[in-house]
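Report on one structure; see the data block that follows.
The values are calculated or read from the model by the stated rules, or taken from the named source; none is laboratory data. If you're wondering where the values come from, they're calculated on a predicted model, not measured in any experiment. Virtual Cβ from ideal backbone geometry, glycine too; neighbours counted across all protein chains shown. Protein only, heavy atoms only, side chains kept; ligands, DNA and RNA dropped before computing areas. Shrake-Rupley method; radii C 1.70, N 1.55, O 1.52, S 1.80 Å.
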Amino acid sequence: MTSRVRVEEDGTVVVMSGKVELGQGITTALAQIAADALGVPLEKIRMLPASTAYSPDEGVTSGSLSVSEGGTALRKDCEELAPLFGTKSPVLGRSVPRLDLPRKIAGRPSYLQDMVLPGMLHGRVVRPPFGFRKLVSIPEGEFVRDGSFVGVLAQREEDAIAMAAKVRAKAQWERSPEPPQDIHAWLKANVAETHVASDKGPLSRATLKAEYSKLWIAHASIGPSCAIARWTGKKLEVWSHTQGIFNLRRDLAMVLGMPEEDIVVTHAEGAGCYGHNGADDAALDAALLARAAGGRPVRLQWSREDEFAWEPYGAAMSVALEATLDAGRVVSWQHQLWSNGHTNRPGRAKQPTLVAAAHLAEPMALAPPVNPPLPYGGADRNAIPYYDFPAQRVLNHYVREAPVRSSSLRSLGAYANVFAIESFMDELALASEQDVVAFRLKHLKDERARKVIEEAIRKSSWGSFKKYDGAGHGLAFARYKNLSAYCAVVAEVEAGEELRVKRLVAAVDVGLAVNPDGVANQVEGGCIQAASWTLKEGATRPASSWEDYPILRFSEVPAVEVSVLRNDFPSMGAGECAMGPTAAAIANALHDALGVRVRSLPLTAENIVKAMP
């Protein structure tokens with residue numbers, strides 16, 4: 001037995017990973033790694049949900065690191081036990097069926113939202129659909145209160161919903177200031193610190209300048225956040241779709257004033273969960289309500305309005321680029337960005353980040369959103385161009401104060417930075433009358449980077465694209481974090497009354513693909529989500545419903561084709577590599593279709609009209 005692996009008497013291998021399943025297929029990939037390292041059939045592997053009761057602390061499941069980090073650690077543990085087993089089974093590099101899908105496809109209970117514990121009560125938190133400083137007044141009634149934190153408990157969920165609505169209608173809150181209308185001007189006016197991410201060679205006078213921007217983006221998970229909590233004496237059990245069980249436990253202990261070892265957090269997959277959405281906050285809400293439940297478990301689910309109003313959003317960003325061309329090559333490049341921090345996850349600071357902590361009778365100041373340091377980065381993730389430029393300077397203007405709560409959204413700052421860089425590469429190529437594909441290739445020495453671009457061009461039949469009025473195609477490339485997966489995307493669009501993406505073709509190099517079909521699934525999902533962000537999503541303040549925050553409909557989903565390049569290089573994560581390239585490819589395709597360069601996301605009809613000369 002090791003910290004991650006236990007062998008049962010019947011030969012079953014129990015794996016206790018600290019990485020969690022978010023629908024990305026990591027349970028299957030880790031099972032394949034364990035089976036390969038031990039030399040046992042895949043069906044002999046049993047994966048346990050991550051829990052602080054028995055799992056190793058592997059941090060947060062994020063950043064496309066589960067295979068490269070969690071998988072590497074699991075393989076090392078398994079190889080200690082390999083002599084107990086026979087010859088290896090060929091499971092790596094095979095597209096095996098996903099372990100987590102059969103129950104979901106069959107419509108059987110599969111998610112935390114489906115869990116039912118004996119004697120379980122249903123809870124709802126009572127908050128307004130806007131930020132507030134404190135609860136001013138509330139009539140007496142049947143509810144749980146701790147300062148400005150208010151919630152209700154009921155035997156049935158529909159009763160809890162009705163009770164919460166009645167309490168909310170009678171409560172009065174002191175509102176927080178409204179977010180600024182022009183967020184990008186506000187960001188530039190409120191810089192707290194400037195960090196130099198890259199600085200080499202003397203910069204030259206710019207040939208071309210351009211500014212790009214994005215608004216706040218909601219996680220907008222279709223399944224709102226949920227948690228279950230149960231107190232047994234002074235000990236607490238929590239079931240959550242958090243991405244970091246130990247991180248959540250640290251913040252819960254801090255807020256509740258109790259030892260970490262008295263709390264057990266167990267992961268249960270959520271219906272719609274990725275990035276830092278409301279999962280961790282719902283866990284504290286459930287724990288607070290469960291304190292009043294006399295030892296009975298409490299299931300706490302946020303409403304759609306709660307999710308939009310109180311989850312962290314992906315930070316708004318503004319990016320300014322300058323470049324100098326000489327003899328058709330970029331000889332000088334400058335990248336400046338303005339943004340709030342891109343992570344505010346629990347368990348990483350001396351202050352909590354869970355929203356209810358600020359609403360208690362003894363309120364706790366919440367930690368501000370910050371940026372992880374490079375090479376992973378936060379706002380400056382992928383801000384350093386992967387191209388070979390002799391002189392470059394990259395500046396990250398960090399804004400500490402956040403008018404809208406912000407934290408980790410899939411790919412963090414890479415989405416905006418790659419959108420800007422790859423849009424600008426097209427602008428530079430066209431300004432110097434060069435082919436956009438050849439222009440990129442002449443600035444890349446990395447053969448793996450060149451190969452994904454060439455594969456995307458080949459797979460999309462780039463040279464035989466059928467041009468007609470309103471139709472266009474575009475290309476974009478990035479290596480995620482400049483050290484992870486390579487991805488190139490070709491987008492084909494049709495610009496009529498609104499912009500529609502007809503087809504996306506992605507080529508990726510993730511090193512050794514443990515499960516090639518799983519890699520393709522991840523990239524397909526990333527392309528579709530990025531298309532939704534790029535075409536529709538963006539907010540100037542927290543939204544309230546799907547009416548004021550539309551997402552891509554099923555009828556609008558483009559055809560997506562993914563080509564996974566095969567090699568035996570070390571495995572790299574696939575989950576977030578397509579976000580930025582998809583956005584830029586769509587923007588470049590729009591320019592090809594209409595001759596209009598839109599630099600403000602999303603690419604709505606309104607923003608397209610504003611960009612027209």
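Counting charges near residue 205 (Lys, Arg +1; Asp, Glu -1) among other residues having Cβ under 13 Å from its Cβ returns a value of -1. Rounded if a/c is under 1.5, else prolate if a/b is larger than b/c, else oblate: which is region 176-258, with a ≥ b ≥ c the root eigenvalues of its Cα gyration tensor? In terms of gyration-tensor shape, prolate. For the chain, carbon and sulfur atoms together expose 52% of the accessible surface, with a 1.4 angstrom probe and every protein chain in place.
Counted over region 221-309, the DSSP beta bridges are approximately 65% antiparallel. Phi angles across region 603-613 convert, under the Karplus curve 6.51 cos²θ - 1.76 cosθ + 1.60 with θ = phi - 60°, into 3J(HN,Hα) values of 8, 7, 4, 4, 6, 5, 5, 4, 7, 5, x Hz, Gly and Pro given as x.
Anisotropy class assigned to region 85-219 is oblate, per the alpha carbon gyration tensor with a/c at or over the 1.5 cut-off and a/b no larger than b/c. Distance from the Cα centroid of region 210-247 to that of region 535-613 is 25 Å (rounded to whole angstrom). Ordering of 343-352, 542-551, 474-483, 32-41 by packing is 474-483, 32-41, 343-352, 542-551, highest average first (other Cβ atoms within 10 Å, averaged per residue). Partners of residue 19 within straight-line reach, counting lysines whose Cα lies under 22 Å from its Cα and excluding those fewer than 8 residues away in the same chain: 44, 76, 104, 481. Taking the DSSP bridge list for region 272-419 and keeping only pairs wholly inside it, about 55 percent are antiparallel.
Accessible surface for region 12-167, divided over its residues, is 45 Å² per residue with a 1.4 Å probe. Working note: Debye formula, equal point scatterers on the alpha-carbon atoms of region 328-392, no solvent; log10 I(q)/I(0) at q = 0.22 Å⁻¹ is -0.93.
Against the criterion of solvent-accessible heavy-atom surface with a 1.4 angstrom probe, 422, 261 sort, most first, into 261, 422. Note on residue 512 and residue 540: the extension gain reaches 6.0 nm, defined as 0.36 nm multiplied by sequence separation minus the Cα-Cα distance. Ranked by the mean number of other Cβ atoms within 10 Å of their residues, highest first, the peptides 587-593, 224-230 fall in the order 224-230, 587-593. Within the shell of other residues whose beta carbon sits under 9 angstrom from the beta carbon of residue 18, the net charge comes to 0, with Lys and Arg scored +1 and Asp and Glu -1.
Each of (1) 146; (2) 159; (3) 130 is a candidate for volume of the Cα convex hull per residue in Å³; the one calculated from this structure is (2). Using alpha carbons only, how many degrees (0 to 90, rounded to 10) separate the axis of helix 579-594 from the longest principal axis of the chain? Between helix and principal axis, roughly 40 degrees. Here the mean projected area of the convex hull built on the C-alpha positions of region 518-606 is 7.8 nm².
Pick out, in residue order, every one of the chymotrypsin sites (Phe, Trp or Tyr not before Pro) in region 261-361 that is DSSP loop and has at most 14 other C-beta atoms within 10 Å; say none if there are none. Listed in order of number, the matching sites amount to none.
The calculated 222 nm mean residue ellipticity attributable to helices in the chain amounts to -8000 deg cm²/dmol, summing -39500 (n - 2.57) over DSSP H runs of n ≥ 4 and dividing by all residues. Averaging 1/r across all pairs of distinct Cα atoms in region 219-308 and inverting the result yields a Kirkwood radius of 12.9 Å.
Report, to the nearest 10°, how far helix 26-38 tilts away from the longest principal axis of the Cα atoms in the chain, using its own Cα long axis and a range of 0 to 90°. Compared with the principal axis, the helix lies near 90 degrees. Measuring max minus min along each principal axis, the C-alpha atoms of region 1-150 give extents of 70, 31, 29 Å (largest first). Cysteines in the chain lacking any other cysteine Cβ under 4.7 Å from their own Cβ: 78, 226, 273, 527. In the calculated pair-distance distribution of region 358-416, the portion above 14 angstrom amounts to 65 percent of the Cα-Cα pairs. For region 146-192, the alpha-carbon coordinates run over 50, 20, 19 Å along the three principal axes, in decreasing order. What shape does region 467-528 take by its C-alpha gyration tensor, where a ≥ b ≥ c are the square roots of the eigenvalues and a/c under 1.5 counts as rounded, a/b above b/c as prolate, and the rest as oblate? Prolate shape, in that a/c is at least 1.5 and a/b is the bigger ratio.
Computed from Cα positions, the angle between helix 516-535 and the longest principal axis of the chain comes to roughly 80 degrees.
Placing unit charges on the Cβ atoms of the charged side chains and taking the dipole of the chain about its Cα centre, the candidate lying farthest along the positive direction among 339, 65, 365 is 365. Ranked by solvent-accessible area (1.4 Å probe, protein heavy atoms only, all chains present), the residues 276, 195 order from largest to smallest as 195, 276. Sort out for me the Cα centre separation of region 69-130 from region 451-469, rounded to whole Å. One Cα centre to the other: 38 Å. DSSP bridge analysis restricted to the chain gives an antiparallel fraction near 70%, rounded to the nearest 5.
Within the same chain, lysines fewer than 8 places from residue 610 are excluded, and of the rest, those with a Cα less than 17 Å from its Cα are 214, 536. Distance cut-off 21 Å, Cα to Cα: go down the list 188/350; 134/166; 459/502 and report the pairs above it. Over 21 Å apart, Cα to Cα: 188/350.
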